Amino acid sequence: MFVLLATFWGGSFVAIEIGLHYFPPLVFAGLRYAVAGAVILGYAAVATDRWRPRERGEYLAVAVVGVFVIAGYHGLLYLGEQRISGAIAAVVVSLSPVLTAGFAAVLLDERLTIPKGVGFALGITGVAIVAGLNPANALSTSVFGVGLVLVGIACFALGAVLTRPLRTDLPVATMEGWAMLGGSGLLFAAGALRGESLAAVRLTPTSLASFAYLTLLSGVVAYLLYFHLLDEIGPTRLNLVGYLEPVVATLASWAVLGELVGPTTFVGFAAIFAGFAVLNRHVVRRAAVSVRRSLARGEQSDASPDADGERGNAWSSPTGPADD
């Protein structure tokens with residue numbers, strides 16, 4: 001399920017890149033989250049005990065997610081992908097956990113240790129390498145595109161930090177559904193200010209396929225997977241999904257569009273991941289141990305069938321390796 005989530009979300013960067021040939025960027029993002037939000041909210045009404053907020057803190061949490069995570073992040077991501085490829089955008093987005101740690105240190109008075117400072121510096125250095133930033137090209141289209149995506153992921157990280165003090169009993173699906181609908185309204189409003197309109201949308205099989213992928217697979221199905229994994233493995237380890245997304249996006253860009261990223265992009269991604277690994281070294285170590293144990297158990301089960309003649313499954317129990 002973890003790999004499937006990374007696949008859906010990693011492929012979304014390429015789907016956005018394709019769809020931007022047929023949709024104005026903010027209208028595109030607004031339509032995607034209007035439909036996805038309605039479906040997620042319908043799911044919340046059926047599968048949870050509450051389909052709407054009741055208290056002030058719950059409304060505030062919905063507003064923060066809608067403004068920063070849905071409207072701010074996705075609006076700037078779509079605008080940025082008009083200037084850079086989806087694969088490069090995915091690498092920049094992988095900076096999210098590093099920025100989250102930085103905002104938490106400033107806004108929540110979390111102690112800024114030397115490892116946190118090193119991790120943050122590595123992450124920012126990685127983005128600069130990906131952008132190819134130097135005084136000669138500081139105003140180039142690609143650097144501006146990376147800058148838009150960087151500000152967008154900063155909105156995402158800021159929204160994640162601002163919601164921490166707003167712990168509520170509102171089901172996650174309910175919060176996400178309302179936030180998507182509210183965020184889509186802000187995206188439509190911002191699009192109107194830019195002169196975007198639905199009349200500029202070109203409906204073709206390719207544009208419809210892109211929209212369907214983003215709305216149903218990357219939107220509805222992926223978020224439901226996310227909700228499930230959030231309970232199973234927790235938010236910190238779930239952040240690791242962001243480091244599979246650029247791999248998926250790069251492979252999808254090559255397979256679908258024939259695009260290849262340069263070696264500097266891989267170097268930049270390695271620097272960003274190194275920053276994350278420094279910040280979350282205990283999580284990375286536990287994840288590595290879990291993978292080794294699961295592989296070892298898989299080898300043992302291949303060699304020794306269980307009492308019923310079936311092969312054992314190290315992941316069949318919710319108290320398996322992921323919870324060690």
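Out of everything in segment 16-26 that is buried (at least 23 other Cβ atoms within 10 Å of the Cβ) and of a type in the set (A, V, I, L, M), what residue ends up being farthest from the chain's Cα centre (by Cα)?
By that ranking, first place goes to Leu26.
Considering Arg83, Arg111, which residue is surrounded by fewer than 23 Cβ atoms within 10 Å (Cβ to Cβ), at pLDDT 80 or above and either outside any helix (DSSP H, G or I) or β-branched (Val, Ile, Thr) (or both)?
Result of the check over Arg83, Arg111: Arg83.
Hand me the list of helices (runs of 4 or more DSSP H) wholly inside segment 236-324 holding 3 or more residues that are exposed (fewer than 12 other Cβ atoms within 10 Å of the Cβ) and at pLDDT 65 or above.
So the answer is 281-303.
Looking at segment 175-193, can you tell me whether even one residue there is among the acidic types (Asp, Glu) and within 19 Å of Ser12 (Cα to Cα)?
Taking every residue of segment 175-193 in turn, at least one turns out to be among the acidic types (Asp, Glu) and within 19 Å of Ser12 (Cα to Cα).
Among residues belonging to segment 32-80 that are among the charged types (D, E, K, R) and surrounded by 17 or more Cβ atoms within 10 Å (Cβ to Cβ), point out the one that is farthest from Leu181 (Cα to Cα).
Top of the filtered list is Glu58.
Please tell me if Tyr43 is more than 17 Å from the chain's Cα centre (by Cα), aromatic (Phe, Trp, Tyr), farther than 16 Å from Val93 by Cβ and in a helix (DSSP H, G or I).
Considered against the rule, which asks whether it is more than 17 Å from the chain's Cα centre (by Cα), aromatic (Phe, Trp, Tyr), farther than 16 Å from Val93 by Cβ and in a helix (DSSP H, G or I), Tyr43 comes out as yes.
Take the residues in segment 170-215 that are assigned to a loop (DSSP other than H, G, I, E, B) and of a type in the set (Ser, Thr, Tyr), then tell me which one is modelled with the lowest pLDDT.
Ser197
Any idea which of Ala87, Ala36, Ala71, Ala45 is under 27 Å from Arg167 (Cβ atoms) and out of contact with any Gly (no Cβ under 6 Å at 6 or more places or on another chain)?
It is Ala45.
State the number of residues belonging to segment 238-265 that are farther than 28 Å from Ala209 by Cβ and in contact with a Ser or Thr (Cβ under 9 Å, 6 or more places away or on another chain).
Of the residues in that region, 1 qualify.
Check Val98, Val118 and return the single one that is assigned to a helix (DSSP H, G or I), within 30 Å of Ile16 (Cα to Cα) and touching a residue at least 40 places away in the same chain (Cβ under 8 Å).
Just a single option satisfies the conditions, and that option is Val98.
Could you tell me whether any residue of segment 49-63 is at pLDDT 90 or above and under 17 Å from the mean Cα position of the chain (by Cα)?
Looking for residues that are at pLDDT 90 or above and under 17 Å from the mean Cα position of the chain (by Cα), one finds none in segment 49-63, hence no.
A quick yes/no check of all residues on (1) among the hydrophobic types (A, V, I, L, M, F, W, C); (2) in contact with a Lys or Arg (Cβ under 9 Å, 6 or more places away or on another chain):
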position	(1), (2)
Leu26	yes, yes
Val35	yes, no
Leu41	yes, yes
Ala44	yes, yes
Arg50	no, no
Arg56	no, no
Tyr59	no, no
Val64	yes, no
Ile70	yes, no
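Go through segment 135-153 and give me each residue that's at pLDDT 55 or above and either over 18 Å from Ser96 (Cα atoms) or of a type in the set (S, T, N, Q) (or both).
Ser140, Thr141, Ser142, Val143, Phe144 - these are the residues of segment 135-153 that are at pLDDT 55 or above and either over 18 Å from Ser96 (Cα atoms) or of a type in the set (S, T, N, Q) (or both).
Looking at (1) modelled with pLDDT under 95; (2) within 21 Å of Ile18 (Cα to Cα); (3) crowded, with 20+ Cβ neighbours inside 10 Å, find the lone condition where Gly159 falls short.
With (1) modelled with pLDDT under 95; (2) within 21 Å of Ile18 (Cα to Cα); (3) crowded, with 20+ Cβ neighbours inside 10 Å applied to Gly159, the lone miss is (2).
The values are calculated or read from the model by the stated rules, or taken from the named source; none is laboratory data. These numbers come from a predicted model, not from an experiment. Please note: Cβ atoms are built from the backbone with ideal geometry, for glycine as well, and neighbour counts cover all protein chains shown.
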